[in-house]
Amino acid sequence: MKKLRPALKILDGGLSTQLENHHGVDLTKYPKLWTAGLLADAAGRAKLRAAHDAYYAAGASVILSSSYQTSPGTDTAALAASIELALDARDAAAPGAEAWVSCGPYGATLADGSEYRGDYALGEAALREWHGARLAG
């Protein structure tokens, strides 16, 4: 009997690098929100959309929203806008394309490098509450 396997999915990669190297974006202008900072104006949204489209054109079956550094309560609008932009790109792509939400760790929203160290001043219960609010938003 032949073993069934799930279909292979190709995920986009390196949205920041794509934006900087191929779309002329200087992400140091957005230290708090990083790629989500581009959502603030039409030109930035157009560059994000072009990056999403480029990933699909290169063969990606899944793209990630530009929401890695967004946080509940402060960046809810950016999170929603990044999801909407990714879904619009998905809808314009080939059938079967997917768009997933990018949720970075708590430390990523602090924009101080602590996502690499994990030395947060929060306990497990507070982190669960924080992520719960983010995902419910």
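The listed residues K9, K47, once ranked by accessible area (1.4 Å probe) with the largest placed first, stand as K9, K47. Normalised by the number of residues in segment 21-130, the average gap of Cα pairs under 8 Å and 6 or more apart makes the relative contact order 26 percent. Ranking P72, L122, A86 by how far each Cα lies toward the positive end of the dipole of the chain (charges on Cβ) leaves A86 at the top. Can you pull the percent of segment 47-137's accessible area that's carbon plus sulfur, 1.4 Å probe, other chains left in place? For segment 47-137, the apolar C and S fraction of the accessible surface comes to 57 percent.
Just to be sure I understand: with springs between alpha-carbon atoms less than 10 Å apart, which residue in S65, S82, S102 has the highest mean-square fluctuation in the Gaussian network model of the chain? Per the Cα network of the chain with a 10 Å cutoff, S102 tops the list. Each helix, a run of at least 4 DSSP H residues, gives -39500 (n - 2.57); summed and divided by the residues of the chain, these come to -13500 deg cm²/dmol at 222 nm.
Applying 0.36 nm per residue to the separation of A80 and E98 and subtracting their alpha-carbon distance, the gain on full extension is 4.8 nm.
Entry for segment 61-137 at q = 0.11, 0.12 Å⁻¹: log10 I(q)/I(0) = -0.33, -0.38, Debye formula applied to identical alpha-carbon scatterers, no solvent contribution. Remark on E98: its backbone amide H falls under 5 Å from those of V62, I63, a criterion applied only to residues 5 or more positions apart or on other chains, H modelled at 1.01 Å from N. Contact order, relative form, for segment 55-96: 39 percent (alpha carbon pairs under 8 Å, 6 or more residues apart, mean separation divided by residue count).
Backbone geometry of segment 95-110 corresponds, through the Karplus equation with coefficients 6.51, -1.76 and 1.60 at θ = phi - 60°, to 3J(HN,Hα) couplings of x, x, 5, 10, 10, 10, 7, 8, 10, x, x, 3, x, 5, 6, 7 Hz, x marking Gly and Pro.
In debye to the nearest 20, how big a dipole does the chain give about its Cα centre with +1 on each Lys and Arg Cβ and -1 on each Asp and Glu Cβ? Walk me through the numbers before you get to the answer.
Details: 13 positive and 15 negative charges, 110 e Å.
My answer is approximately 520 debye.
The chymotrypsin sites (Phe, Trp or Tyr not before Pro) of segment 1-88 include none that meets both conditions, a loop assignment by DSSP and at most 14 other Cβ atoms within 10 Å of the site Cβ.
Enclosing the Cα atoms of segment 1-123 in their convex hull gives a volume equal to 147 cubic angstrom per residue. With protein chains left intact and a 1.4 Å probe, residues in the chain average 59 Å² of accessible area per residue.
The values are calculated or read from the model by the stated rules, or taken from the named source; none is laboratory data. Worth saying up front: this structure is predicted, and the values here are computed from it rather than measured. All Cβ positions, glycine included, derive from the backbone under ideal geometry; neighbour counts span all protein chains shown. Surface areas here come from the heavy atoms of the whole protein model, side chains and all, with no ligands, DNA or RNA. Shrake-Rupley method; radii C 1.70, N 1.55, O 1.52, S 1.80 Å.
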